[in-house]
Amino acid sequence: MVEYIVNVIIENKPGISDPEGDTILNDLVMKDNNSNITKIRSAKMLKFFINDKNPKSAEKQILKICDDLRIYNPLVSKVTVQIKKS
């Protein structure tokens, strides 16, 4: 068994509003005259540490946990998974 770090990044799908990202852009970034920045999208990242036989199995198990616990809404959320050895 190998320990893996599995990062699950959850963000709104394109086309879904992101009020947090808009607020950061309008109230913080634009006030400092950073006019070259046109958009900010916010996301949430969960970091799991898991012992498993291979990275594919670790990813599958973590995604099942996220689905079973309804950690994100698949209708509006885009999920990206990153895996590396601990």
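Readers should treat all values here as calculations from the given coordinates under stated rules, not as data from a laboratory. All values derive from a computational prediction rather than experimental measurement. Neighbour counts are summed over all protein chains in view; Cβ atoms, including those assigned to glycine, are modelled from backbone coordinates with ideal geometry.
Translational diffusion coefficient of region 1-56 at 37 °C, 0.692 mPa s, Stokes-Einstein with Kirkwood Rh over Cα pairs, in µm²/s as a whole number. Kindly include the intermediate steps, with their values, before the conclusion.
Details: Rh = 13.8 Å.
Roughly 237 µm²/s, to the nearest whole number.
Longest span of the chain, sites excluded, free of trypsin sites (Lys or Arg not before Pro) in DSSP loop with at most 13 other C-beta atoms within 10 Å? Walk me through the intermediate numbers first.
Values: sites that count: 39, 53, 70.
That gives 1-38 as the longest site-free run.
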- Put +1 on the Cβ of each Lys and Arg and -1 on the Cβ of each Asp and Glu in the chain; which of 37, 7, 21 then has its Cα farthest toward the positive end of the dipole? 7
- Out-of-range pairs (alpha-carbon distance over 22 Å; input 64/85; 13/64; 13/85; 13/56; 13/39): 13/85; 13/56
